[in-house]
Amino acid sequence: MGDRSEPVSAVRAESLGPALLSCLPSEVRKPAYDRAAMRPGIAHIGVGAFHRCHQAEYTDDLLANHFDRWGLVGINIRPPLLAETLGRQHGLYTRLIRQNDEVEARIIGSIIRVIDSQGSARPALEVLASSDIEMVTMTVTEKGYCHVPSNGALDLDHPDIVHDLANPQAPRSVPGILARALELRTGSHGRPVTLLSCDNIPTNGIILGNVVRAFAERRGNGLVDWIASNVTFPSAMVDRIAPATTEVDIAAVEKRFGYRDSAVVVGERFRQWVIEDRFAGRVPRWDLVGATFVNDVTPFEHLKMRVLNGAQTTLSYLGVLGGFEHTSDAMADPLLAGFARRMLMEETLPTLMPVPGISPAAYVEQSLARLTNTAIRHRNHQIATDGSQKIVQRLLNPIRDRLAKGDNITLLSVPVAGWMAYLIKASARFGRAWQVSDPFAEKIAEIADRVGADSKELANAILAINAIFDRSLAASDMFRANVVAGLDGLLSDDPMAFVRHVRADPIDARLKRPARSA
């Protein structure tokens, strides 16, 4: 008789969990410590792909080399839910490193448990207010801070802030939840705590401190004074490219290693974490496993945000407009790769502060080389998400620095116009070319529907959004002229022809306006 067993392809592999660790292939690296001995010490808000590929891995390294009570409790206050993925796997997941044809698999075990707190803040508050927690880290994206991008202040008109000030015991925003957690700590154990932002925002510690203190001050119960004595908000710079996980990534782990993991994350080999040495109490010694503690993070964050992130943002908008799906696809195009390199070398680098031990020009080449990695499928639309929250630090700040010195800004203005064109083309007036996700998408769609196709009128209306463009920058004739020229070119029938022209002759570019269909 023939073999009646079920085909291998139809058999569902066993799911990752503690019992499976000893059965995994030898090529899959496992946690090198006793997970049963872990105790919670860190709470992290925003357990997405980046956190699992970055801070959780550093903590896993720390536990393996200098074991202490620094287990992670992961909290999500926004989708996705964690219980059915990380929760079901007892916090275990696979971190894949992909570098072109190379693949390296490792099980990360630093997350003790996960908390879903999307429906109510209560589960999150119970963890954050616990005396066990001495460090709270977060990756909640730029818009999670409910701040005004142009000045970093708490946005008192933000719907979640309006709600939380009226309902402080049932908050739903990050500033509201943190303020309430600190309030609960003062009423119970009063132990100090460090709140550490790991989001891609310049002076992220200052912004986090601003929004939490501003919220606490409006409570009027002495909380802001307690915060001054017991809480610190160090700034940090984080770096590793970790795109959103796909079903293809999950299937690849099952096919190659023989187990099912619903929480796979994929990243590049490069990683970096620079943290301001300003802590309220005990701190995980991440500096012993590759992180860097410094007195001032600013030079590092300027370098990373203006160069690597500036290139990513530029390639995302120009890439979409040019018909490219991923960053690596855009970098494979000589025109876009050449434009990004020239922009960085000629206009971005002169705005940077000196960074000890790092050559800016070499950093540009390293950053662009990282973006050519064909195994990291980072979609341009994903990078383009929430651009209104990103362009200030990545593009507008270096533009402002150059304007102050009377320097040319033609190249840096192109991706600013690219962001505008990207959102304009998503409007009904321009045929809804694609779906977008940006806090100002509806406003810009309304502008496009009202103003029409005139680039000057479009630019004037968008530059009047002072939450993004401060008045002095919007009033600059040079900046306005470059943005208008860029918008004209990028909304034309051949946007890449404009990029080709501006790359070849930046000074003349704003005088040439390609033809555009009505």
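Answer with yes or no whether SER367 is within 17 Å of ALA311 (Cβ to Cβ) and either under 20 Å from the mean Cα position of the chain (by Cα) or modelled with pLDDT under 95 (or both). Yes. Restricting attention to the range 100-113, report how many residues are at pLDDT below 95, part of a strand (DSSP E or B) and surrounded by fewer than 16 Cβ atoms within 10 Å (Cβ to Cβ). Here the count works out to 1. Among the numbered conditions (1) crowded, with 20+ Cβ neighbours inside 10 Å; (2) under 20 Å from ILE42 (Cβ atoms), the only one that PRO149 does not meet is (2).
Is it true that some residue in the range 482-492 is surrounded by fewer than 16 Cβ atoms within 10 Å (Cβ to Cβ), modelled with pLDDT of 95 or more and among the polar types (S, T, N, Q)?
Among the residues of the range 482-492, not one is surrounded by fewer than 16 Cβ atoms within 10 Å (Cβ to Cβ), modelled with pLDDT of 95 or more and among the polar types (S, T, N, Q), which makes the answer no.
Restricting the search to the range 75-99, which residues are of a type in the set (A, V, I, L, M), crowded, with 17+ Cβ neighbours inside 10 Å and outside any strand (DSSP E or B)? Explain how you work it out, then say what you get.
So the first thing to find is which residues in the range 75-99 are of a type in the set (A, V, I, L, M), and the list is 75, 77, 81-83, 86, 92, 96-97.
Subset that is crowded, with 17+ Cβ neighbours inside 10 Å: 75, 77, 82, 86, 92, 96-97.
Selection gives ILE77, LEU82, LEU86, LEU92.
Taking (1) touching a residue at least 12 places away in the same chain (Cβ under 8 Å); (2) small (Gly, Ala, Ser); (3) not in a strand (DSSP E or B) in turn, GLY119 satisfies each apart from (1).
Screening LEU21 against (1) more than 29 Å from THR292 (Cβ to Cβ); (2) modelled with pLDDT of 95 or more; (3) touching a Phe, Trp or Tyr at 6+ places or on another chain (Cβ under 8 Å) leaves a single unmet condition, (3). For first residues located in the range 152-168 and closer than 15 Å to ILE207 by Cβ, partners that are in a loop (DSSP other than H, G, I, E, B) and lie 6+ apart or on another chain with Cβ distances below 7 Å form the pairs LEU154/CYS146; ASP155/CYS146; ASP155/VAL148; HIS158/CYS146; ILE161/CYS146; ILE161/ASP155; ILE161/SER173. A search for C-beta distances below 8 Å between a residue of the range 462-474 that is buried (at least 19 other Cβ atoms within 10 Å of the Cβ) and any residue that is assigned to a loop (DSSP other than H, G, I, E, B) and at pLDDT below 95, counting only pairs 6+ apart in sequence or on different chains, returns ILE468/PRO149; ILE468/SER150; PHE469/SER150; ALA474/ASN466. Across the range 269-317, the number of residues qualifying as of a type outside the set (Val, Ile, Thr), closer than 19 Å to ILE241 by Cα and surrounded by 18 or more Cβ atoms within 10 Å (Cβ to Cβ) comes to 18.
The values are calculated or read from the model by the stated rules, or taken from the named source; none is laboratory data. Computed from a prediction, not measured in an experiment: that's the story for all the values here. As a convention, Cβ positions derive from the backbone with ideal geometry for all residues, glycine included, and neighbour counts pool all protein chains shown.
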